[in-house]
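Take a look at the structure below.
Since every read-out is calculated from the coordinates, none of them should be taken as a lab result. Keep in mind it's a predicted model, so treat the numbers as computed, not measured. Because the Cβ atoms are built from the backbone with ideal geometry, glycine has one as well, and the counts that use them run over all protein chains shown.
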Amino acid sequence: MEAIVICVIIFLAIIIGLAVFVERGRLLRASTLQFMRESGWRRLRNGTFLHSYIYGRFTKEYIGYAMQTALPKMTAREKRGVANHYHGKVLPTELAQAIVTHEHDLALRDLEQVIPYRVARDLVPQGPPDIAVFDCPCRQTRAHSCEPKQVCMVIGQPFVDFIVEHHPNTSRRLTPTEAAQLLQEEHERGHVHTAYFKDAMLNRFYAICNCCKCCCGGIEAMMNHGVPMVTSSGYVAQVNEVLCGACGTCEETCAFDAVRVNGHSQVEWDKCMGCGACEAQCPNDAIALVRDERKGIPLDVRAMM
């Protein structure tokens with residue numbers, strides 16, 4: 001039996017290896033070669049690059065398998081391991097827009113206070129940053145998904161070239177102005193901006209996802225499977241009880257189940273991630289984000305440069 005399993009593993013490794021190096025008849029596309037160069041020999045040798053390639057090339061299938069098959073079977077220890085290697089930081093709209101419109105190179109290391117996970121990471125996009133948007137893999141896996149689908153932003157190289165070259169029909173490049181506008185539109189829809197870090201993606205920041213609570217795999221992993229996928233923005237929602245009309249819109253909007261209406265809206269401090277979705281949807285302008293040091297340090301590139 002073990003011999004059969006080993007043979008199957010070897011066979012799959014060969015097939016995947018051929019897919020990487022042939023790439024539809026081409027011997028290493030330019031973006032793949034650049035990704036390999038930046039990955040370095042160690043990542044090529046230990047298989048991390050192969051993981052990176054599969055994740056970037058078959059993102060929808062990767063996310064679909066993780067959510068539908070892998071996560072429900074994981075132990076608590078395995079779930080924590082997932083978060084250590086693939087995690088996000090919630091961003092208020094203003095801070096998300098600051099990332100896509102910054103004009104200077106960023107080489108910020110030691111972000112443990114901002115993203116409190118064991119795995120090291122860098123935030124190294126160049127300014128003005130290269131940006132591409134592509135169809136959200138989470139929304140693509142759902143039978144009835146939110147619209148529009150093209151809302152996931154990849155930031156910096158070699159990620160942008162890789163996504164555009166390998167997903168030409170579902171991706172496009174954005175100017176910083178267009179990216180900022182997209183973020184504003186998603187904010188007005190009540191969606192959550194999340195800066196994502198993944199060790200397979202060169203162990204650093206690579207994307208800003210615009211997440212809806214009904215489709216997002218990261219939010220589902222956190223809320224339904226107990227995976228600590230995202231950390232707070234460093235802000236918390238605060239309700240003006242005088243202005244609040246107790247309409248329940250904020251409770252319905254909140255992706256983290258942090259709002260209850262009892263005479264007026266009440267925010268559960270420990271659950272609030274400071275995304276600002278409730279603020280955007282409140283018809284009475286009764287909610288505002290306020291800085292709270294107990295929630296961690298915001299990912300504010302303007303203050304960190």
Pairs from LYS60/LYS271; LYS149/LYS198; LYS79/LYS198; LYS73/LYS213; LYS213/LYS271 whose Cα-Cα separation, in the structure shown, is over 18 Å: LYS60/LYS271; LYS149/LYS198; LYS73/LYS213
Efficiency of FRET between ALA246 and GLN181 - r from beta-carbon atoms, R0 41 angstrom, step 0.05: 0.80
Order of VAL230, VAL261, VAL160 - criterion: other Cβ atoms within 10 Å of each residue's Cβ, fewest first: VAL261, VAL160, VAL230
Packing-based exposure ordering (other Cβ within 10 Å, fewest first) of ILE155, ILE63: ILE63, ILE155
Matching label, semi-axes √(5λ) of the Cα gyration tensor in Å computed from the structure shown, candidates [x] 43, 23, 17; [y] 27, 22, 19; [z] 35, 22, 18: [z]
Fewest-first sequence of SER265, SER39, SER233, SER145 by Cβ atoms within 10 Å of each Cβ: SER145, SER39, SER265, SER233
Cα-based helix-to-principal-axis angle, 48-57 vs the chain, degrees rounded to 10: 70 degrees
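Provide the packing ranking of 136-144, 90-98, i.e. peptides ordered by the mean count of other C-beta atoms within 10 Å per residue, highest first.
Packing proxy ranking, top to bottom: 90-98, 136-144.
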Peptides ranked, highest mean first, by Cβ atoms within 10 Å: ranges 174-186, 72-84: 174-186, 72-84
Ellipticity estimate at 222 nm from DSSP helix runs (n ≥ 4, -39,500 (n - 2.57)) divided over the chain, nearest 500: -11500 deg cm²/dmol
Most mobile of GLY263, GLY190, GLY127 in a GNM of the chain (Cα contacts under 10 Å): GLY263
Inter-part distance where region 245-305 and region 34-106 are each reduced to a Cα centre, Å: 26 Å
